Ligand SMILES: [Zn+2]
């Protein structure tokens, strides 16, 4: 097994700068206006320009960076891994500016639309209702309410049309083909891309080197099991050659897929063991959030991730019949069986 390593060391391009990863693949490290301070975009040489993987969130600095980058890298296509605003955010603006069409999976495109337009339970009020059932306190609920629709703020315009990508599709970009590998648990139908010719995986948010991917339960699917979906999806990456160079959306390129997958599996097992231990006494998602994340979470953005993931661990254990849910006064409590 390859040991986990960063083949390019500690070096990263400055924000907004483009660096060559290997010939015909450029790394654009795009800054973000929130805690997760950057997202990696990849520019891949195409037959008559460049295809980008992901676009960055909508804000003036992101647009200004693209204005400069486009002078050297004319876009032919925008290929987007998933619906979160740091990935799809500037796709509408880029399409208007360059005409480059959007490629996305159906699950991601439609859920982006639903969240932007607050359709059904893909809405802030539905999320607040879910978190209230799971015991979140009034102060944090108020902060989330006040934050409003972060999806629309980060992605005000989505292209009206898209080209659909499906599991196993082989996308030709320049001289190479990239296979679409769908993944679940982080978003609705996340697309990663594997180039067998070059042993390169563009992993999006599904496989990150230094932070664990957020696996949230969403209000539109309150009994979903995203932790199981995520762990199952990781098995697809395990099958790739261990020498594969992984280009993640956050952090630095790395080698050592299997060691990283092992680590993530152990990480979630440890968290499940902790939740099981805590559930000797009745717990809510909110009451396990602090011990699970080992810090107090007051920032609304982080709170949304943490609550969604706390519920995901409870759903995972409940669906294995290891804990039971008891409703009391409209609040869900969980107890070990
Ligand atoms: Zn994401």
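Numbers below:
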read-out: Residue 175 vs. criteria farther than 18 Å from residue 308 by Cα, exposed (fewer than 15 other Cβ atoms within 10 Å of the Cβ) and modelled with pLDDT under 95; value: yes
read-out: Residue match in the stretch 316-334 (condition: assigned to a loop (DSSP other than H, G, I, E, B), touching a strand residue (DSSP E or B) at 6+ places or on another chain (Cβ under 9 Å) and surrounded by 13 or more Cβ atoms within 10 Å (Cβ to Cβ)); value: yes
read-out: Yes/no for residue 196 being farther than 24 Å from residue 56 by Cα, in contact with a helix residue (DSSP H, G or I) (Cβ under 6 Å, 6 or more places away or on another chain) and more than 16 Å from the ligand (Cβ to nearest atom); value: no
read-out: Count of the stretch 222-250 residues which are assigned to a loop (DSSP other than H, G, I, E, B), touching a residue at least 60 places away in the same chain (Cβ under 8 Å) and either more than 16 Å from the ligand (Cβ to nearest atom) or farther than 19 Å from residue 179 by Cβ (or both); value: 7
read-out: Residues satisfying the stated conditions in the stretch 274-301, i.e. more than 20 Å from residue 34 (Cα to Cα), surrounded by fewer than 11 Cβ atoms within 10 Å (Cβ to Cβ) and under 25 Å from the mean Cα position of the chain (by Cα); value: 294
read-out: The listed residue being farther than 23 Å from residue 213 by Cβ, away from the ligand (no atom under 16 Å from the Cβ) and surrounded by 19 or more Cβ atoms within 10 Å (Cβ to Cβ), out of 70, 75; value: 75
read-out: Tally, over the stretch 199-220, of residues that are farther than 16 Å from residue 246 by Cβ and either surrounded by fewer than 23 Cβ atoms within 10 Å (Cβ to Cβ) or within 12 Å of the ligand (Cβ to nearest atom) (or both); value: 6
read-out: Residue check, residue 274 part of a helix (DSSP H, G or I), at pLDDT below 95, more than 23 Å from residue 203 (Cβ to Cβ) and out of contact with any strand residue (DSSP E or B) (no Cβ under 9 Å at 6 or more places or on another chain); value: no
read-out: Inter-residue pairs, beta-carbon under 7 Å, first more than 15 Å from residue 248 (Cα to Cα) and modelled with pLDDT of 95 or more and in the stretch 70-87, second within 15 Å of the ligand (Cβ to nearest atom) and part of a helix (DSSP H, G or I), 6+ apart; value: 78/91; 83/108; 83/111; 83/112; 83/115; 85/150; 85/151; 85/154
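Condition check ((1) away from the ligand (no atom under 16 Å from the Cβ); (2) at negative phi) across all residues:
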site: 83; (1), (2): no, yes
site: 99; (1), (2): yes, no
site: 102; (1), (2): yes, yes
site: 108; (1), (2): no, yes
site: 128; (1), (2): yes, yes
site: 137; (1), (2): yes, yes
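The values are calculated or read from the model by the stated rules, or taken from the named source; none is laboratory data. Not measured: the values here are computed from a predicted model. In this analysis, Cβ positions are derived from the backbone assuming ideal geometry, glycine residues included, and neighbour counts consider all displayed protein chains.
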